[in-house]
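Notes follow the structure.
The values are calculated or read from the model by the stated rules, or taken from the named source; none is laboratory data. These numbers were taken from a predicted model, which means no experiment stands behind them. Counting neighbours? That spans all protein chains shown, and the Cβs are built from the backbone with ideal geometry, glycine included. Side chains are part of the model used for accessible areas, which takes the heavy atoms of the whole protein and leaves out ligands, DNA and RNA. Shrake-Rupley method; radii C 1.70, N 1.55, O 1.52, S 1.80 Å.
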Amino acid sequence: ALPFFQHDTSQQQHPSSHFPLDEFNLVLSKFPQLALAFLSQVSLNTSGDHLVQQGVIRHELGPTARLIVGSTSRVPHNFWKEKLKQPDKDGNVPQDSGLPVTAKFVPLKGIAAPNSPFLRSVVEACFVTKKYTVFEKEVMQTLVEHKWNSYVKDKFFFHLKLDIALVFFLTLDALIYKTVTNSANHLAIKVVGHTPMLITSCLWIFFARHEFRQWQSNSATSKREKTKAHFKDFWNILDVLSLFSIFATYTFRGLEFLFGAGEDAFHVSTLVMAVALPFAWLNT
């Protein structure tokens with residue numbers, strides 16, 4: 001089967017695709033149980049038309065493969081309309097040479113757009129009703145698969161690599177910091193020894209900016225509601241605690257440097273680092 005997301009209004013669509021998406025998101029928030037019941041009844045629209053492998057994708061299509069085409073921004077206008085050829089008078093569907101596959105429309109128009117809040121609204125509705133069976137339906141599975149492959153997967157692994165780098169350099173900094181500070185007469189050791197702290201600081205700025213954008217993107221209208229919604233997620237709490245503890249560590253280090261804390265003095269930054277490291281490791 002070949003599920004794909006429909007964006008061309010010139011083609012025949014499922015009746016549910018005429019339901020305005022903004023209004024449906026509002027129904028999901030106000031009447032989650034009713035909206036989820038509706039979604040549970042929506043199925044992929046099989047028109048019986050056929051596509052062929054040639055011109056659809058550039059690599060081999062296995063007999064059980066599922067291809068999701070997300071939007072007209074990645075294919076020429078009316079591409080699918082040309083491929084979904086209508087039968088002639090004798091009932092024969094003209095085809096190009098290639099492996100025929102069945103085309104299935106995802107019936108809710110606009111739900112797969114890059115900035116569409118539809119999937120988030122469904123998750124929030126499921127959280128309120130404590131029912132997640134809607135994700136067993138083929139439409140929602142197709143949507144999740146499409147979102148993951150098109151927008152999420154690359155960014156997820158990119159952030160994961162940066163997260164691992166943050167933990168690595170933070171741990172390295174904690175291990176060598178005392179040795180570096182005691183090497184007052186070795187400029188090269190000091191320069192090289194403070195490199196992990198510099199890299200950690202740059203990564204901290206990246207993740208702090210990302211956390212702020214995540215808070216800012218919340219659909220709540222007021223800052224207070226945004227903050228409440230943001231901290232409902234345990235991982236967001238862990239993110240903020242990790243970022244705050246790293247910030248506090250380097251702030252105390254700066255103060256200790258300015259006021260000339262000696263080698264035998266009690267270093268508050270070391271104590272705060274002991275808190276920052278577990279948070280950073282757990283967050284990874």
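Data for the structure
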item	result
Residue-by-residue Karplus 3J(HN,Hα) for the range 163-168, coefficients 6.51, -1.76, 1.60, Hz, glycine and proline x	5, 5, 4, 4, 5, 4
Loop-located GluC sites (Glu not before Pro) in the range 202-265, at most 13 other Cβ atoms within 10 Å (DSSP)	GLU263
The range 143-246: proportion of alpha-carbon pairs further apart than 25 angstrom, %	39 percent
Subset of LYS130/LYS228; LYS109/LYS153; LYS30/LYS232; LYS89/LYS109 violating a 25 Å alpha-carbon distance limit	LYS89/LYS109
Simple spin-label estimate for GLN41 and ARG213 in nanometres, 7 Å along Cα-Cβ	4.0 nm
Full-extension gain in nm, THR129 to SER29, via 0.36 nm per residue minus C-alpha separation	34.9 nm
Extension gain from THR179 to PHE247, taking 0.36 nm per residue of separation minus the Cα-Cα distance	22.4 nm
Heavy-atom accessible area order for PHE234, PHE207, PHE135, largest first, 1.4 Å probe	PHE234, PHE135, PHE207
Within-14-Å neighbourhood charge of TRP235 [Cβ basis; K, R +1; D, E -1]	-3
